[in-house]
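Enquirer: Have a look at the structure that comes next, please.
The values are calculated or read from the model by the stated rules, or taken from the named source; none is laboratory data. If you're wondering where the values come from, they're calculated on a predicted model, not measured in any experiment. As a convention, Cβ positions derive from the backbone with ideal geometry for all residues, glycine included, and neighbour counts pool all protein chains shown.
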Amino acid sequence: MASLNFKEELIVDFEKSAKHWDFYGVILQSGDIFIMRPATPHYLGIVHALATGDLFTNTSHPNALEGLVRIIQWWHRSIFGSETIFLNALRKAGPQVQQSGLHIIPHKPNFHLLSDLIGFLNLANLVTLEPVLDARYYSLSQVEFIPDDTMELYEQGKGWVSKIKEWLFEHFEMHIEGDNADNGLTDISRLRIMSQEYLVQQSAALVVHKWEAAKAKIGGEVKGVTAAKIKSAIEHNFVGDGNFLEQWPNSKLDLSDWVVLC
């Protein structure tokens, strides 16, 4: 993160000038106030924009969601369109982080590495949760709505995620050592089961995050978006997905009790 000099062009080539920039991740907790100088390049998480947009931002970027789907589409094409090439890249990259950077597969995840695996699952969960994360889904306006072609893209994204996950579960196992190793799961089933649990946990966290934001009187991107509406949207998004609904907390509970259960 760095402030721009308006005496220079407001265009930055990150690839060429990254060495002159300092990047920071900032985690804000209840009661924190974060002040940036004008024209400070930054980005805000999609989940936080939906739940607490009034606090963090004054604009909306629905195209960002479509961009995430395009990344998944590219990975799907790379894996299934040229599987041999991708498998060779995985073998060459290997499971160890190397100072030379040979463990990096350009623009694609190295599933040997936990950091890349978690990064993929984070992206996969965001894509799977569309259109829940699209603020237009909750709008009552006749002008602001999700176009049919965008909804179709969201559905395609969910399909691509599902296929990549199945490929991942067929080609990789997860072995855990230490105190948490004996959790009743086998190396073969662990990755599939824990990935599903992670999706459910992130989905529930979105509802709880909005619930807590409402208690603090913090609004989101669209007025009228409530924790109850987000919860309902999630449940609608996963209609027919027995694996998800089996782990989803009891939807018949009062919302306040549901949040406590989470």
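Enquirer: Taking Gln98, is it at pLDDT 95 or above and surrounded by fewer than 18 Cβ atoms within 10 Å (Cβ to Cβ)?
Expert: Criteria not met by Gln98.
Enquirer: Report, ordered by the first and then the second residue, all pairs with beta carbons closer than 6 Å, sequence separation of six or more or different chains, a first member in the range 121-139 that is in contact (Cβ under 8 Å) with a residue 24 or more places away in the chain and more than 15 Å from Trp75 (Cα to Cα), and a second member that is crowded, with 20+ Cβ neighbours inside 10 Å and among the hydroxyl-bearing types (Ser, Thr, Tyr).
Expert: As it stands, the answer is Glu130/Tyr154; Pro131/Tyr137; Pro131/Tyr154, since those pairs meet every condition given.
Enquirer: If you take the residues in the range 76-122 that are closer than 26 Å to Gln202 by Cβ and small (Gly, Ala, Ser), which one is nearest to the chain's Cα centre (by Cα)?
Expert: Checked the range 76-122; the qualifying residue nearest to the chain's Cα centre (by Cα) is Gly119.
Enquirer: While we're on this one: Could you identify the single residue in Lys163, Lys210, Lys158, Lys231 that is in a helix (DSSP H, G or I), of a type in the set (Lys, Arg) and at pLDDT below 90?
Expert: Lys210
Enquirer: Out of Phe145, Phe120, Phe169, Phe111, which single residue is out of contact with any helix residue (DSSP H, G or I) (no Cβ under 7 Å at 6 or more places or on another chain) and of a type in the set (Phe, Trp, Tyr)?
Expert: Result: Phe120 is the single residue among Phe145, Phe120, Phe169, Phe111 that is out of contact with any helix residue (DSSP H, G or I) (no Cβ under 7 Å at 6 or more places or on another chain) and of a type in the set (Phe, Trp, Tyr).
Enquirer: Which ones in the range 65-107 are in contact with a Phe, Trp or Tyr (Cβ under 6 Å, 6 or more places away or on another chain) and either free of Cβ contacts under 8 Å to residues at least 40 places away in the same chain or over 30 Å from Arg136 (Cβ atoms) (or both)?
Expert: Correct list: Ser78, Ile79.
Enquirer: Answer yes if at least one residue in the range 125-140 is part of a loop (DSSP other than H, G, I, E, B) and either at pLDDT below 85 or loosely packed, with under 14 Cβ neighbours inside 10 Å (or both), and no otherwise.
Expert: yes
Enquirer: Then there is this: Quick check, is Pro62 under 13 Å from the mean Cα position of the chain (by Cα), modelled with pLDDT under 90 and over 30 Å from Ile176 (Cα atoms)?
Expert: no
Enquirer: Here's another thing I want to ask about it. Looking only at the range 166-205, count how many residues are among the hydrophobic types (A, V, I, L, M, F, W, C) and either in contact with a strand residue (DSSP E or B) (Cβ under 9 Å, 6 or more places away or on another chain) or assigned to a helix (DSSP H, G or I) (or both).
Expert: Going through the range 166-205 one residue at a time, the tally reaches 11.
Enquirer: Give the residues of the range 213-228 that are within 19 Å of Leu133 (Cβ to Cβ) and part of a helix (DSSP H, G or I), sorted by residue number.
Expert: Ala213, Ala214, Ala227, Ala228
Enquirer: Could you tell me which residue of the range 208-254 is nearest to Ser162 (Cα to Cα), considering only residues that are of a type in the set (A, V, I, L, M) and in contact (Cβ under 8 Å) with a residue 60 or more places away in the chain?
Expert: Ile234
Enquirer: Looking at (1) more than 30 Å from Lys210 (Cα to Cα); (2) charged (D, E, K, R); (3) touching a helix residue (DSSP H, G or I) at 6+ places or on another chain (Cβ under 6 Å), which is the only condition Lys158 fails?
Expert: That leaves (1) as the condition not met.
Enquirer: Could I ask something else about it? Hey, does the range 116-124 have a residue that's touching a Lys or Arg at 6+ places or on another chain (Cβ under 8 Å), under 21 Å from Pro95 (Cβ atoms), assigned to a helix (DSSP H, G or I) and at pLDDT 90 or above?
Expert: yes
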